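J.: Could you have a look at this structure, given as structure tokens, before my questions?
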Amino acid sequence: MATVKTTYLGNLRTEAEHLQSGSKIITDAPTDNRGHGEFFSPTDIFAASYASCALTIIGIATQTHGFNIDGTVVETTKVMGDNPRRIVELIQHFKFPHNNYSEKELRIIEGSIKACPVANSVSSEIKITRTMSFGG
């Protein structure tokens, strides 16, 4: 069975429906590629997916080990390249809340990021620059 049904709505816009839940995402071409920039672009969703996956995998690990990362934010900057047009770099800054993480917990967080299926599915040609801050 299909996972997502995507429909072209015209005017460089699509609607993707998650078939299991019925939730929908509208995309728009970015303003630097003839779009209106009124919704996420497909490459914006890719960048968001990369961060969401990392947070989800870290969340699973922290539940397993009895601590949490609730309130953690990832700010992602997407860098585009040309010939062909593509994402060439994702710059991620993870902002964890101040939780007095132990050395073991920090190792669990860092190890979990590497287990993200999205990260493990993308080309090694995409540069990933990641920084982390804890508290404040």
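The values are calculated or read from the model by the stated rules, or taken from the named source; none is laboratory data. Since the structure is predicted, the reported quantities are computational estimates derived from the model, not experimental observations. Surface accessibility is based on the protein's heavy atoms, side chains included, excluding ligands, DNA and RNA. Shrake-Rupley method; radii C 1.70, N 1.55, O 1.52, S 1.80 Å.
J.: Only bridges whose two residues both fall in the chain count here: according to DSSP, what percent of them are antiparallel, nearest 5?
T.: The antiparallel fraction comes to roughly 70 percent.
J.: Could you report the chain's accessible area per residue, 1.4 Å probe, as an integer in Å²?
T.: Per residue, the chain has 64 Å² of solvent-accessible surface.
J.: Sticking with this one: Per DSSP H run of at least 4 residues, take -39500 (n - 2.57); add these up for the chain, divide by its residues and hand me the 222 nm value, nearest 500 deg cm²/dmol.
T.: Using -39500 (n - 2.57) per qualifying helix, the result is -8500 deg cm²/dmol.
J.: In whole percent, how big is the carbon plus sulfur part of the accessible area of the chain, probe 1.4 Å, protein atoms only?
T.: 52
J.: Any idea what diffusion coefficient the chain gets from Stokes-Einstein, in µm²/s, Kirkwood Rh on alpha carbon pairs, 10 °C, 1.306 mPa s?
T.: Rounded to a whole number, D works out at 95 µm²/s.
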